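Okay, structure first, notes after.
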């Protein structure tokens, strides 16, 4: 080998580190120490990644990335969600988040998101030791304590994602120094105090989510300076006061959410057509907002999703709403709006969902609403509409599949044109009206064959349940309570019988005149029922043991009937049961000892029956008040009077 060739080899070795085997085989000692201590704090790792952290070359460890130039650890990516060729896998780690992580001075990315078993606190000195950090992702962990003030020294930080933890204390004002921060997500923690005014210095912020905390005080007046903000969610806090006028300066906002707070006073924005022109989602629901909707809301031409629900707003709905040509969802329910629905609502050609229930809106409905060709869900319930009859044009809307007209004063029989609507009806709520006649025999055919929800409660319907109801294979919610229906309930329990799993989860036939059909409970395909209410009928006979097949049942109410004989032991097999109401029947015999297995039972009423003997000793039966057992002259034992001793001579 010539001298020249030796020099070439030597230069190559020096350049690529081959001359320094330690650089190839071992990472920086400080990094190695920090990672080793971190690993020692984890006692469960279902992914098996930490088990492969052996040797001195940590740059080859799974989840670790190093800089080529310096060899220092730059990224730790140990997210719970792992993609594989077969299917995504969610890993679990249990243990302590160690402060040793601050030994990795060149760290740029730390992602431990979704590891719900990871506990501990953020190191108080984190801002002093990780100057290169760009992404700090620790969502969905079990971290607690305060967010340290030193975090404001992470000047290169672009993402701070700490949501769904147990962080407490106040928001550090130093967060306002993070001029490069684009994403700040702290929702679902236990943070309290005020939202710092320094947040208005985060001029690069695109996403800000602080919902579901205990923040108080006012929204910072200068928050409108966050010109590139696209998403703002301050919901589920205790923020007070009027919305600051500065919100009207958020000209580049795409998404804004301020719902479920304690905001009060009128809505002061937008004050001109030039403001908030890019806003596409605005949520102000479940607050204490008062006054009228400013007509300038019609200038928010990019708005797609808009909610003012559950406030104290009043007055008329502005006709300028017709200018919101991009609007897809509109929630105005739970206020005190009056007057009529403006004709201009018919111009909202993109509208998919419109909810104006629980207001003081008067009729008639504008015929222009027949132009809502894309509307899928319409809720006009509990207003002062006094419709008298079901509007036929509603049944002609080509996309409408969810209709809610409860408490609208509709009279007469259920209209026949509902069986042939252009779109199959999936949810139909005509409760609390003045409907008369019988349930139509065509229920379960045509447009009503795909019903998931049917609520005809609190009307004056009579006669029997038609046989066609058995065809409602997709039915999940059936509420017929508060009518004058009679005969057998058996057809209801035959719904979807050929489908073993069934879909029925909620069944309320209470306050009628049903006299039979109990024997079919659990025989058909109702295995998914969670609520069953048959109270206030005239049911007689034995309690069917087949009820034990309803394994998901949480609430059972058979009160105020004429059921008799012994309480079946089969009830003890309903391990999910939380409510059991059997009062005002003719049940006799002893309370089965198996009832002690109902560990989730929170409400029990066996009063006014013919039960005898000692109440089985133990929880949960001993925890209920005397009223749960009163009216049974033969019962004794806690919580009633002690049983008298029996003497045998």
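Pull up segment 188-215, narrow it to residues that are surrounded by fewer than 18 Cβ atoms within 10 Å (Cβ to Cβ), in contact with a helix residue (DSSP H, G or I) (Cβ under 8 Å, 6 or more places away or on another chain) and part of a loop (DSSP other than H, G, I, E, B), then point me to the one that is modelled with the highest pLDDT.
196
Pick out the one residue from 431, 460 that is part of a loop (DSSP other than H, G, I, E, B), farther than 23 Å from residue 541 by Cβ and touching a residue at least 40 places away in the same chain (Cβ under 8 Å).
431
What strands (runs of 3 or more DSSP E) completely inside segment 26-116 contain at least 2 residues that are within 18 Å of residue 134 (Cα to Cα)?
Correct list: 64-66, 73-77, 109-111.
Could you list, in sequence order, the residues of segment 361-388 that are touching a strand residue (DSSP E or B) at 6+ places or on another chain (Cβ under 6 Å) and surrounded by fewer than 16 Cβ atoms within 10 Å (Cβ to Cβ)?
Once the filter is applied, which keeps residues that are touching a strand residue (DSSP E or B) at 6+ places or on another chain (Cβ under 6 Å) and surrounded by fewer than 16 Cβ atoms within 10 Å (Cβ to Cβ), segment 361-388 yields 362, 384, 388.
Considering only residues that are surrounded by 21 or more Cβ atoms within 10 Å (Cβ to Cβ) and in a loop (DSSP other than H, G, I, E, B), which ones fall in segment 389-399?
Hits for segment 389-399 are 390, 391, 397.
Out of the residues in segment 54-75 that are in contact with a helix residue (DSSP H, G or I) (Cβ under 7 Å, 6 or more places away or on another chain) and surrounded by fewer than 19 Cβ atoms within 10 Å (Cβ to Cβ), state the one that is nearest to residue 93 (Cα to Cα).
It comes out as 62.
Considering only residues that are in contact with a helix residue (DSSP H, G or I) (Cβ under 6 Å, 6 or more places away or on another chain) and either within 24 Å of residue 235 (Cα to Cα) or not in a loop (DSSP other than H, G, I, E, B) (or both), which ones fall in segment 299-320?
Those that are in contact with a helix residue (DSSP H, G or I) (Cβ under 6 Å, 6 or more places away or on another chain) and either within 24 Å of residue 235 (Cα to Cα) or not in a loop (DSSP other than H, G, I, E, B) (or both): 319, 320.
In segment 406-421, how many residues are under 21 Å from residue 477 (Cβ atoms) and touching a helix residue (DSSP H, G or I) at 6+ places or on another chain (Cβ under 8 Å)? Can you show your working first?
Of segment 406-421, the ones under 21 Å from residue 477 (Cβ atoms) are 406-408, 410, 414, 418-419, 421.
Next cut, touching a helix residue (DSSP H, G or I) at 6+ places or on another chain (Cβ under 8 Å) only: 418-419, 421.
Residues flagged as under 21 Å from residue 477 (Cβ atoms) and touching a helix residue (DSSP H, G or I) at 6+ places or on another chain (Cβ under 8 Å) within segment 406-421 amount to 3.
For the list (1) in a loop (DSSP other than H, G, I, E, B); (2) modelled with pLDDT of 50 or more, I need the number of the one condition that residue 260 fails.
Status for residue 260: all satisfied but (2).
Can you confirm whether residue 286 is at pLDDT 70 or above, over 29 Å from the mean Cα position of the chain (by Cα) and buried (at least 16 other Cβ atoms within 10 Å of the Cβ)?
no
Can you run down the residue pairs with Cβ atoms below 6 Å, 6 or more apart or on separate chains, where the first is in segment 573-589 and without any contact (Cβ under 8 Å) to a residue 40 or more places away in the chain and at positive phi and the partner is in a strand (DSSP E or B) and surrounded by fewer than 18 Cβ atoms within 10 Å (Cβ to Cβ)?
Matching pairs, first to second residue: 589/566.
Consider residue 521 against the criteria (1) over 27 Å from residue 603 (Cα atoms); (2) at pLDDT below 95; (3) over 30 Å from the mean Cα position of the chain (by Cα); (4) buried (at least 20 other Cβ atoms within 10 Å of the Cβ): it satisfies all of them except one. Which criterion is unmet?
(1)
Return only the number of the condition from (1) touching a helix residue (DSSP H, G or I) at 6+ places or on another chain (Cβ under 6 Å); (2) surrounded by fewer than 21 Cβ atoms within 10 Å (Cβ to Cβ); (3) assigned to a loop (DSSP other than H, G, I, E, B) that residue 440 does not satisfy.
(1)
Which fully enclosed strands (runs of 3 or more DSSP E) of segment 122-166 have 3 or more residues being under 18 Å from residue 177 (Cα atoms)?
Filter on segment 122-166 gives 159-161.
Do any residues in segment 353-379 that are at positive phi have Cβ atoms under 6 Å from those of residues that are assigned to a loop (DSSP other than H, G, I, E, B), where the two are at least six apart or on different chains, and which pairs are they?
Taking only residues 6 or more apart or on different chains, the pairs are 358/333; 358/334; 358/382.
I need the full set of residues from segment 76-125 which are touching a strand residue (DSSP E or B) at 6+ places or on another chain (Cβ under 7 Å) and more than 18 Å from residue 162 (Cβ to Cβ), in order please.
Residues satisfying the conditions are 82, 88, 89, 90, 91, 92, 94, 95, 104, 106.
For residue 619, state whether it is under 27 Å from residue 509 (Cβ atoms) and surrounded by fewer than 14 Cβ atoms within 10 Å (Cβ to Cβ).
In short, no.
Please work out if residue 584 is modelled with pLDDT of 95 or more and in a loop (DSSP other than H, G, I, E, B).
The answer is yes for residue 584.
Inside segment 552-581, can you point out the residues that are surrounded by fewer than 20 Cβ atoms within 10 Å (Cβ to Cβ) and either touching a helix residue (DSSP H, G or I) at 6+ places or on another chain (Cβ under 6 Å) or part of a helix (DSSP H, G or I) (or both)?
Within segment 552-581, 568, 569, 570, 572, 573 qualify.
Output the number of the condition that residue 535 fails; it satisfies all remaining conditions of (1) at pLDDT 95 or above; (2) assigned to a strand (DSSP E or B).
Unmet for residue 535, out of (1) at pLDDT 95 or above; (2) assigned to a strand (DSSP E or B): (2).
Being at pLDDT below 95 and within 33 Å of the chain's Cα centre (by Cα): is that true of residue 638 here? Reasoning before the result, please.
Numbers: at pLDDT below 95: yes; within 33 Å of the chain's Cα centre (by Cα): no.
Considered against the rule, which asks whether it is at pLDDT below 95 and within 33 Å of the chain's Cα centre (by Cα), residue 638 comes out as no.
Please go through segment 166-181 and pick out each residue that is surrounded by 17 or more Cβ atoms within 10 Å (Cβ to Cβ) and either farther than 16 Å from residue 237 by Cβ or in contact (Cβ under 8 Å) with a residue 60 or more places away in the chain (or both).
172, 174, 175, 176, 177, 178, 181
Please determine, by comparing only the residues of segment 497-518 that are touching a helix residue (DSSP H, G or I) at 6+ places or on another chain (Cβ under 8 Å) and not in a strand (DSSP E or B), which one is modelled with the highest pLDDT.
That would be 509.
The values are calculated or read from the model by the stated rules, or taken from the named source; none is laboratory data. Every value quoted in this text rests on a predicted model; they were computed, and no experiment measured them. Cβ coordinates were reconstructed from backbone atoms using ideal geometry, including for glycine residues, and neighbour counts include every protein chain displayed.
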